[in-house]
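Okay, structure first, notes after.
The values are calculated or read from the model by the stated rules, or taken from the named source; none is laboratory data. Keep in mind the model is a prediction, meaning the values are calculated, not measured. Here the Cβ is made from the backbone with ideal geometry for all residues, glycine too, and neighbour counts use every protein chain on show.
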């Protein structure tokens, strides 16, 4: 999680009318938000688009941020929900366009410059995780990759910790099974 | 019979240790791990997945400098579009909305929607097969009893145990990660719930 003291100062300045403070908040958190949107949406184009929308929402809604939770948790929530909207919308479009799974794999394949820094196993994991239902995918990412506690994830997603534990457990089992099948073939 | 409540506690501690939100003395867990292959498997799964999922994405260099300017442009565009006459005030739009409302109400009244169909995941709960009489027809009956369930509809909507609990199917005290329970414990829970 990102530290919040400086964030709160910038938020206060922005709410007092200092637009430059908002730009500073964006620059400070752009990688943090992009990391979330990239992991959930699975490709750079959707991730960058979604990250921009997250900050537009942040601009509109910052006044409603009560500081009851950490700013980073609030930002996690906005970024996660916005990213989930993208993958739901993608599924909706797929439902009507009768696209096959192969096309989705092509669409979400990483682009050349990213391929330079990606490992084969990470790509396989990405693809497998993307086949999980939305909640399992998100919980897996927030828990495994971001290292958030169940309490923090419950705060981000607004669901009970019991449900999250079950989701994570199912996700780990499914991902392990799927990766096992891939490795058996190769 | 091994103590399955211990498994749940041990697994949470394994998670904390491997995923890195807490320092765990893993030697403390050894006694249990040596005698429990399920927990050993779970720890091995987590270690493998953790090793390959620990990637952080950052904005590509060519996006880094222009990102906040693009956000600012979007915000300004949004402000401008808000100043334009609202399209909802246009008569054509209002007629379309009215038609949509009428069609929606008509569809609701006709109520041709079929009963919800659930695809229930039991793939890692092999010994529950004997209880599939609840799910043979893949339709959860009105009085169905649900334990540790993840289900998704044909349309991809997810349902979790708390969704079913909120719908009144069962009380949270009966909920437990199902594969941590023995068949005897499951039998006991089902009998208690059937008797309730």
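Would you pick out the residues in the range A:36-51 that are crowded, with 22+ Cβ neighbours inside 10 Å and on the phi < 0 side of the Ramachandran plot? Give the steps one after another, and end with the answer.
In the first step, residues of the range A:36-51 are kept if they are crowded, with 22+ Cβ neighbours inside 10 Å; the result is A:36-42, A:47, A:50-51.
Answer for the range A:36-51, where residues must be crowded, with 22+ Cβ neighbours inside 10 Å and on the phi < 0 side of the Ramachandran plot: A:36, A:37, A:38, A:39, A:40, A:41, A:47, A:50, A:51.
For the range A:1-24, the set of residues classified as facing chain B (nearest Cβ under 9 Å) and buried (at least 21 other Cβ atoms within 10 Å of the Cβ) consists of A:22 only.
Of all the residues that make up the range A:135-148, how many are surrounded by 18 or more Cβ atoms within 10 Å (Cβ to Cβ) and at the interface with chain B (Cβ under 7 Å from one of its Cβ atoms)?
Within the range A:135-148, the first condition is being surrounded by 18 or more Cβ atoms within 10 Å (Cβ to Cβ), and the residues that meet it are A:135-146, A:148.
From what's left, at the interface with chain B (Cβ under 7 Å from one of its Cβ atoms): A:135, A:143-145.
Total meeting the criteria: 4.
Would you confirm, using the coordinates I've provided, whether residue A:82 is closer than 22 Å to residue B:63 by Cβ and modelled with pLDDT under 85? Spelling it out, it is not the case that residue A:82 is closer than 22 Å to residue B:63 by Cβ and modelled with pLDDT under 85. The set of residues in the range B:52-91 that are exposed (fewer than 11 other Cβ atoms within 10 Å of the Cβ) and at pLDDT below 80 comprises B:80, B:81, B:82, B:83, B:84, B:85, B:86, B:87, B:88, B:89, B:91.
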